[in-house]
1. Any idea which residue in the stretch 41-90 is surrounded by the fewest Cβ atoms within 10 Å (Cβ to Cβ), counting only those that are among the charged types (D, E, K, R) and outside any helix (DSSP H, G or I)?
2. Could you look through the stretch 24-40, keep only residues that are exposed (fewer than 10 other Cβ atoms within 10 Å of the Cβ) and among the acidic types (Asp, Glu), and pick out the one that is modelled with the highest pLDDT?
Amino acid sequence: MGQSRHSRERHQSGRDLHRPRKELARDGITTGKPEEELLKTNEARIPLGRYAHPLGIANVAFFLASDCASYVTGALITMDGALTLSCARR
């Protein structure tokens, strides 16, 4: 599958995806925690207990591009390890 126009333009423009975080750090605004600790903390909040695997995301994209999804129109597929479901139950 091809790259989305937005993704392609962002990549071609050379924009730094982490720029906001770096700008905040440059201005002295930080969490005070190492990035690895933040990743582990956020991962623990996900009900499935892990971040998505790239193959899992690719499989959904493959399904949507296949004939199996020929009747799917305008679907929103949330892939967040049930995080939004757990937030809705609070």
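The values are calculated or read from the model by the stated rules, or taken from the named source; none is laboratory data. Given the structure is predicted, the values throughout are model-derived calculations rather than measurements. Note that each Cβ is placed from the backbone with ideal geometry, even for glycine, and that neighbours are counted across all protein chains shown.
1. Taking the stretch 41-90 first, the residues among the charged types (D, E, K, R) are 43, 45, 50, 67, 80, 89-90.
Cutting the leftovers down to outside any helix (DSSP H, G or I) gives us 50, 80, 89-90.
Working: Arg50: 9, Asp80: 14, Arg89: 7, Arg90: 4.
Filtering the stretch 41-90 for residues that are among the charged types (D, E, K, R) and outside any helix (DSSP H, G or I), the one surrounded by the fewest Cβ atoms within 10 Å (Cβ to Cβ) comes out as Arg90.
2. Glu36
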